[in-house]
Structure formats: structure tokens, C-alpha cells
Amino acid sequence: MEQHRAVVVGAGIGGLTAAVALHRRGWNVTVLERAAALTPVGAGIGLAPNSQRALDVIGLGDRVRELSAWQGDGGMRAPDGRWLARTSAKAAAARFGGPLVLLHRATLVEILLSALPDGVVRTGVAASLADPGDDDRPAVVRTPDGDIEAELVLGADGIHSTVRRALFPDHTGPEYSGFTTWRVVVPAPERPFPPHETWGPGRLWGTQPLKDGRTYAYAMAAAPEGARAPDDEKAELLRLFGDWHHPVPEILAAVDPDGVLRHDVHHMPTPLPAFHHGRVALLGDAAHAMEPTLGQGGNQAIEDAIVLAHHAGPGLRPSRSLDAYTADRLPRTTAIVRKAARTGRLALLAAPPAVALRNALITAVSRFGPGLVLRGFDGIADWRPPSAADRARVS
């Protein structure tokens, strides 16, 4: 077995962050990605101060902060445009050490790839776990080109992870949340707008500016699993949100029907018994898929990657190092998965009396200051990565 070799299965945000972090710790890293190429996919991603501090560990936090486009006020609105609660970039920075940074996923992928040597990422490789290994033998990853032995294997292969199923075949896996999402990136509307998330009956819309002048918008609505628009998804969005406040109609007018991404939301309300087995660790959606209602899916994957590399020193003994990783990450992510589900239920209330009561309560509490929306991220956005001193105490 080649000394200090790590194999990452999956080249998403979590997998690439882990690859960078392990590379900086001296590991020989190979990333195996099933897709034929790392072509730009997805839409926007919001990086909160917790993941920005995680990226500081690998020297990339400031590059992300440079892309911040949120400078003024924002908050929560009703479909008619009425403000339910207000907050601001200044309030976020005061509470958590920085504002939310919205950027395109492809931009973040480019930033992460720039920190890896050529040849680390291998695309078009369908990998599976053949043997998880243990303290005394390597893990084995199977590929069409032959088996690869490694001291450490990371399953970063998403919500339908084959690595997770190999490790925990009896786990129930992801479940449908009851709602679907749409995402678009369009040119900015002519009239300016403050960043916002708008909660309606059984529906939610968010509009956020990007640093490059474009606008990222997302929407959610209760729907049967697998349902799709009878015509096209732009028409469906117009039916659901076309009469909502500015800038929603202008955003929808600029949407290319072929540019709408629609995905049913699955999550894992039943936590795994552990995030590792043998020499294999799981991270991101493979470990703890969550609803997007807190915007923490990608953020938690980045945290996972940094904490995993923190514990994964050369000469790794899974019985100690990966136990520590699970102990650090499983309780935190389980709590966030559950909080995201609660937030989703609140945001997508559909009965008019329940919606009216929810909005009245949000408005009443918000009168005490701009911190209502931000308070929901206490214990999440204020997270800080472990230090070298923490690592010394564990070892």
C-alpha cells in the first residue's frame, strides 16, 4: 500500500474541500468522479461565516469573502411585499463575524480546483467500495481500471451514496421531504432590490444578488414526489409566483425555460450510527442530507472536510482518528438536519389561519430588532474549526 494515500469518491464541494485539506496535510490524494467532466452545474450556494472560517484553514476564505455582494438590508417578506422581518449585512457581521456570501457553485468549484495539483481529480471513473479495511489493513476502492488500496477513503458521493450503502446497508437512507425546489441564475433586474426570502402559503421564494452582477433565485413548494410541470418549469413558476412582489415577476420574465433546475428534496431524518467504518469516512450529503431551508448543506460538507482532515494525520488509526471525526460531526449535523426540517415545516405552512399566525408572530418579534432571522443561526454560523491544539489533545 502506498503510504499516506487517500481516495475521495465524489468531486462535489465536500469532496474537493477534503481533497485540498488532506493534500495540505501531506496526503497523496486521488479524487474519483463518476461524471465525464467537471462541467458547471447547479446554481447558487450561500457560504455562511462558519464555512468561510473552515475555508480559512486551507487558505481560501478570503477569496470567497471577496465575492460578497450583500452590503445593505435584507430579510423576510410576504408575497405582497410586506416586510415580516429585517436584517442586514452589518448585523450579520456583528453577530457571526461576517455576512452570507452568495456565489455560483461553479465558481466555488474553480476556487477549490485551483488549490489542487494537476491529475488529482479523475473524471469518468465509477468507483465503489470493495473493502472498508481496518486498523491493520487498507481499504479497497474498485474502479473499472482496477482496485486501489488506500489508508483513507472518503465517501463524498452525495445523497444517493453507494459508499454509504456499502457501509450501512440496513440504514433507511434518504426520505422525501414533501417539497420540491427550483433554482435559476439570471441577469440582474433593472430596478434594484434588497436580498430577501418570501414566505407564502405552501410556497417560498428567495432572491439574492451575485457579485458578478447576476441574480440567484430559488423557490420551494409542496408537491408530490416526482411531479413535474405539464408544460415547462418556467410556466410552473409563473403559476406559483408570477403575482408576487418585485423583483419576482422581473426575475421570471428573464428566465430561460431550459435554465430552470428542479429537484425534489430528500433528507435523512434518521441519523447514521456513525460517519465512518474501518478506514472509510462519509461527509456531506452522503452522511447527513438535509433540507435547504437553513442553507447549510454545502456549509456542513465544508465543515466535515476540514474536521476530517484535522483528525486524519499520517499514520492514521481509524479506531481513534475516525472515531473522533464521528464524535465531532454526528451530533452537530444531526441537530442541523432536524432544525432544517422544522424550519421547512414552518416556512411551507399552507392553511390560511396558520400562515396568518406565523406571519404575525414573526412581525411582532422582529420589532425588537434586526436579529430575529439571524438568531436562527446561533450555534450554526458561529462555529469555528478545531485547532492544532485540539488535535494534540485528541492524539
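Ligands, DNA and RNA excluded, the heavy atoms of Lys234 present near 40 Å² of accessible surface to a 1.4 Å solvent probe. Taking His23, His104 and ordering them by how much accessible surface each has at a 1.4 Å probe, largest first, produces His23, His104. Against the main long axis of the alpha-carbon atoms of the chain, helix 318-347 sits at an angle near 10°.
Kindly sort Leu374, Leu349 by accessible area of their heavy atoms, largest first, with the probe set to 1.4 Å. Please report the intermediate quantities before stating the final value.
Working: Leu374 15, Leu349 55 Å².
Per-residue accessible area, sorted high to low, gives Leu349, Leu374.
Per-residue accessible area (protein heavy atoms, 1.4 Å probe) orders Trp27, Trp83 as Trp83, Trp27, starting from the largest.
A 1.4 Å probe run over region 1-113, with the rest of the protein chains in place, finds 39 Å² accessible per residue. Counting only protein heavy atoms and a probe of 1.4 Å, the accessible surface of the chain is 54% carbon and sulfur. Note on region 187-258 and region 83-138: Cα centroid distance 25 Å, given to the nearest whole angstrom. Need one number: the % of Cα-Cα pairs in region 251-395 sitting beyond the 20 Å mark. Percentage above 20 Å: 60.
Tilt of helix 352-366 relative to the longest C-alpha principal axis of the chain, in degrees (0 to 90, nearest 10)? With rounding to tens, the tilt is 80 degrees. Mean-square fluctuations from a GNM of the chain, with a 10 angstrom spring cutoff on Cα atoms, peak among Ala287, Ala69, Ala166 at Ala166. For Lys90, a cut-off of 21 angstrom between C-alpha atoms picks up these lysines, skipping any fewer than 8 places away in its own chain: Lys211.
Rounded to the nearest Hz, the phi-derived 3J(HN,Hα) couplings of region 255-268 under the Karplus curve 6.51 cos²θ - 1.76 cosθ + 1.60 (θ = phi - 60°) are 6, 7, x, 7, x, 8, 9, 10, 9, 5, 9, 10, 9, 10, where x marks glycine and proline.
Note the listed values (i) 21.8; (ii) 20.9; (iii) 23.2, then indicate which one is Kirkwood radius over Cα pairs in Å calculated from this particular structure. Structure-derived value, by its label: (i).
Taken along its principal axes, the alpha carbon cloud of region 1-142 reaches lengths of 60, 28, 28 Å, longest axis first.
The values are calculated or read from the model by the stated rules, or taken from the named source; none is laboratory data. Keep in mind the model is a prediction, meaning the values are calculated, not measured. In case anyone asks, the SASA skips ligands and DNA or RNA and just uses the protein heavy atoms, side chains included. Shrake-Rupley method; radii C 1.70, N 1.55, O 1.52, S 1.80 Å.
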